[in-house]
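The values are calculated or read from the model by the stated rules, or taken from the named source; none is laboratory data. Everything numeric in this text was worked out from a predicted model, so none of it was measured. Here the Cβ positions follow ideal geometry from the backbone for every residue, glycine too, while neighbour counts run over all protein chains shown.
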Amino acid sequence: MANLSVKATELVKWFGEGEARTYAVRGVSFEAYFGEMLYIVGPSGSGKTTLLSMISGILRPNSGTVMVENKEIWSLTNNEIADFRLNAVGFVFQDYHLFPRLTTAENVAIPLILKKHNWNESIKAAIQYLEIVGLKERAYLPPVKLSTGEQQRVAIARAIVGSPDILILDEPTASLDGDTGRRILHFVKKNILNETRSILIVTHDSRIFEYADRIMQMEDGKITEILKGDVDEK
Amino acid sequence: MIGILRLAYKLLVNDKAKFAALLVGIAFAVFLMVQITSIFAGVLEKSSSTVINTGAKIWVIDPGVKTPVYSIPMPDYVLDVVRSINGVKHAVPLYSGGALVKLRSGVYQSVTVVGLDDTSLFGRPELIEGQIEDIYAENGFIAVKDQEFNKLENPGLGTVFELNDHRGVIVGIAKVAISGLFGIPTLYTTYSRAIQYIPSMRYTISYILVEPKSNEATAYIKREVKRMGYEALTSDEFIHKIINFYVYETGVGMNILIMTVISFIVGLSISAQTFYTFILENLEKFGALKAIGVKGRELIYMILFQTTFTSLTGYGLGVGLCSLLIATATLKVPDYTAKITYLNLGFAFIMVLIIAGISSYIGIRKVIKIEPFDIFRG
């Protein structure tokens with residue numbers, strides 16, 4: 001059995017109070033493993049982004065626990081959670097959120113800079129990661145000069161530059177055409193996924209399902225189906 | 001921390017349009033604030049020019065005197081009493097009054113005539129041409145070479161003019177530290193000639209200049225003078241009294257205050273609004289940084305750095321611009337009255353800090369409230 005990276009137990013999250021209370025996640029439990037690419041799929045409003053946010057230390061659950069490498073993250077202080085996100089999690093946001101006023105290399109270097117690495121060394125490391133995603137020659141251009149697919153790869157480089165254990169991609173193909181989306185996912189699976197990293201992807205794009213090791217279907221805040229793989233497969 | 005601040009710096013300055021707008025806003029506000037307060041400082045300094053140029057330690061005046069321009073003459077016995085006070089080293093009379101001069105060209109020009117004590121010439125200006133003894137020569141006057149000198153048609157030694165139908169001769173050209181406020185040239189002569197040439201009331205002593213034997217004697221001299229119903233002020237106290245008059249009794253102070261407040265509001269509105277727009281435009285990016293792992297306090301440092309950097313740069317530009325304008329204006333306009341003092345600069349600096357503080361507060365409030373989850377779910 002592969003090593004456990006994330007263990008979520010009975011996660012519950014609601015928004016609003018009283019009559020306005022809406023449950024986004026209702027008692028979800030699952031496990032993710034190093035070396036696997038786990039998809040969480042489902043229609044809009046099914047709670048998949050909320051679930052991923054609780055796993056990645058962005059959104060505090062109302063109840064339930066999230067163990068990452070045997071540490072319950074929601075018992076940490078806010079600053080410790082920020083450190084956890086910085087050191088253990090890499091994010092690729094749906095809109096990428098690249099800084100248009102910084103160069104591509106500076107964008108990629110941000111996690112290292114936040115970790116208080118030397119600026120020049122961070123830029124050097126960022127360029128190495130840009131090389132991994134095939135954009136070394138674009139290092140000194142602002143992100144707005146890049147195509148959407150290239151921006152996606154810059155966001156991936158930024159997410160992995162700090163060598164996180166968990167990589168989280170939110171709707172990675174939402175802004176990409178089918179071919180580019182498949183190429184990106186192929187690239188991620190081939191070059192970014194490794195035995196010390198697990199990749200969690202929120203998507204409803206069935207064209208990229210082929211790259212998943214496991215696919216969990218969510219609906220109405222619950223995991224309703226395992227579309228691919230098995231809970232114990234690993 | 002340096003890396004985060006460098007990141008904040010790049011985010012700020014690489015947004016050239018916003019950064020320029022911020023700088024223009026703050027520099028403009030600083031320019032206005034420093035300019036207005038400098039003009040005020042210049043006016044106040046010039047209003048005290050007689051006190052500063054004369055250099056007496058203690059001035060005995062009528063309590064009703066609020067500015068040297070309007071002196072209230074004192075009877076001669078006051079001079080005698082002051083001279084008899086213990087602790088007075090010497091006391092001399094000073095005359096100050098206005099007269100009309102008919103120049104060589106036939107043009108009439110108002111002048112201020114300062115009459116120095118005949119014996120000591122205490123309070124005399126520094127001569128740059130001529131000999132001080134020549135002031136005793138018949139009809140001898142010393143002209144002050146300041147910004148108003150050309151109004152006397154740039155006289156030289158021996159230049160003849162008429163003063164209240166009396167003949168006058170320039171026997172010396174002097175320089176003084178500060179010229180007067182009202183753009184009127186100054187002529188120095190002896191006290192006796194001044195009261196002879198210029199129509200006077202019953203009393204002729206405008207001021208009594210006192211040199212105390214020691215600084216400790218000043219308090220006693222002031223008490224004794226007060227017993228006579230007059231006022232003895234140190235030069236600083238007299239200057240302060242003059243400043244108070246202009247600030248509180250002429251409306252100048254209130255107008256300057258209003259203009260300064262308007263400048264502050266203009267600067268605050270431009271910079272706070274621009275900075276707020278800057279924050280709003282980058283709000284999602286700040287949220288993304290928060291999601292990546294930036295702590296709240298680090299975001300606060302970033303914003304504080306950005307506002308402080310912008311404010312200080314804008315402050316420097318504003319002060320530089322103001323200095324340039326004042327320097328240029330002083331060269332081109334002889335009567336231009338403006339003086340940048342440490343107080344002006346300190347005041348503008350505090351105002352800029354307040355602008356930076358308010359701008360930071362607005363930005364920080366917005367950024368602190370943003371939840372990474374809002375960014376994450378788009």
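List of remarks:
- Residues that are in a helix (DSSP H, G or I) and either hydroxyl-bearing (S, T, Y) or under 18 Å from A:T173 (Cα atoms) (or both) within region A:123-142 comprise just one, A:Y129.
Per-residue answers, yes or no, for (1) crowded, with 21+ Cβ neighbours inside 10 Å; (2) small (G, A, S):
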| site | (1), (2) |
| --- | --- |
| A:G149 | no, yes |
| A:Q152 | yes, no |
| A:D165 | no, no |
| A:D170 | yes, no |
| A:K190 | no, no |
| A:N194 | no, no |
| A:I199 | yes, no |
| A:M216 | yes, no |
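- Count of region A:69-89 residues which are touching an Asp or Glu at 6+ places or on another chain (Cβ under 9 Å) and not hydrophobic (A, V, I, L, M, F, W, C): 2
- Screening the candidates A:N120, A:N87 for the property of being surrounded by fewer than 17 Cβ atoms within 10 Å (Cβ to Cβ), in contact (Cβ under 8 Å) with a residue 12 or more places away in the chain and in a helix (DSSP H, G or I) yields one hit, A:N87.
- Filter pass, B:I4 being in a helix (DSSP H, G or I) and within 14 Å of chain A (Cβ to nearest Cβ): yes
- Residues that are farther than 26 Å from B:L289 by Cβ, surrounded by 14 or more Cβ atoms within 10 Å (Cβ to Cβ) and basic (K, R) within region A:1-35 comprise A:K7, A:R26, listed in sequence order.
- One residue alone among A:F99, A:F84, A:F91 is among the aromatic types (F, W, Y) and in contact with a Phe, Trp or Tyr (Cβ under 8 Å, 6 or more places away or on another chain), and that residue is A:F91.
- For A:L59: the one exception among (1) assigned to a loop (DSSP other than H, G, I, E, B); (2) out of contact with any Phe, Trp or Tyr (no Cβ under 8 Å at 6 or more places or on another chain); (3) hydrophobic (A, V, I, L, M, F, W, C): (2)
- Among the candidates B:V78, B:V82, B:V60, B:V65, residue that is touching a Phe, Trp or Tyr at 6+ places or on another chain (Cβ under 7 Å), outside any strand (DSSP E or B) and on the phi < 0 side of the Ramachandran plot: B:V78
- Any hit, region A:36-49, residues being assigned to a helix (DSSP H, G or I), within 13 Å of chain B (Cβ to nearest Cβ) and either crowded, with 22+ Cβ neighbours inside 10 Å or under 16 Å from the mean Cα position of the chain (by Cα) (or both): yes
- A single entry from B:I221, B:I243 fulfils the requirement of being away from every other protein chain (no Cβ under 14 Å), within 20 Å of B:T50 (Cα to Cα) and part of a helix (DSSP H, G or I): B:I243.
- Qualifying residue in region B:278-286 (condition: polar (S, T, N, Q) and more than 14 Å from chain A (Cβ to nearest Cβ)): no
- Among the residues of region A:70-127, those identified as facing chain B (nearest Cβ under 9 Å) and basic (K, R) are A:R85, A:R101, A:K115, A:K116.
- Taken together, B:L331, B:L280, B:L353, B:L304 contain a single residue that is surrounded by fewer than 23 Cβ atoms within 10 Å (Cβ to Cβ), within 20 Å of B:I2 (Cβ to Cβ) and among the hydrophobic types (A, V, I, L, M, F, W, C), which is B:L304.
- Test result for A:L112, surrounded by 18 or more Cβ atoms within 10 Å (Cβ to Cβ), hydrophobic (A, V, I, L, M, F, W, C), in contact (Cβ under 8 Å) with a residue 24 or more places away in the chain and not in a helix (DSSP H, G or I): no
- Qualifying positions in region B:356-366 - closer than 15 Å to B:R297 by Cα and buried (at least 21 other Cβ atoms within 10 Å of the Cβ): B:S360, B:G363
- Identity of the residue in region B:129-145, surrounded by fewer than 21 Cβ atoms within 10 Å (Cβ to Cβ) and among the hydrophobic types (A, V, I, L, M, F, W, C), that ends up farthest from B:G158 (Cα to Cα): B:I132
- Tally of residues being in contact with an Asp or Glu (Cβ under 6 Å, 6 or more places away or on another chain) and hydrophobic (A, V, I, L, M, F, W, C) across region B:191-217: 0
- Breaking point among (1) modelled with pLDDT of 90 or more; (2) surrounded by fewer than 17 Cβ atoms within 10 Å (Cβ to Cβ); (3) more than 20 Å from the chain's Cα centre (by Cα), for B:E237: (3)
- Looking only at region B:56-105, and only at residues there that are modelled with pLDDT under 85 and surrounded by 15 or more Cβ atoms within 10 Å (Cβ to Cβ), the one that is farthest from B:S214 (Cα to Cα): B:V69
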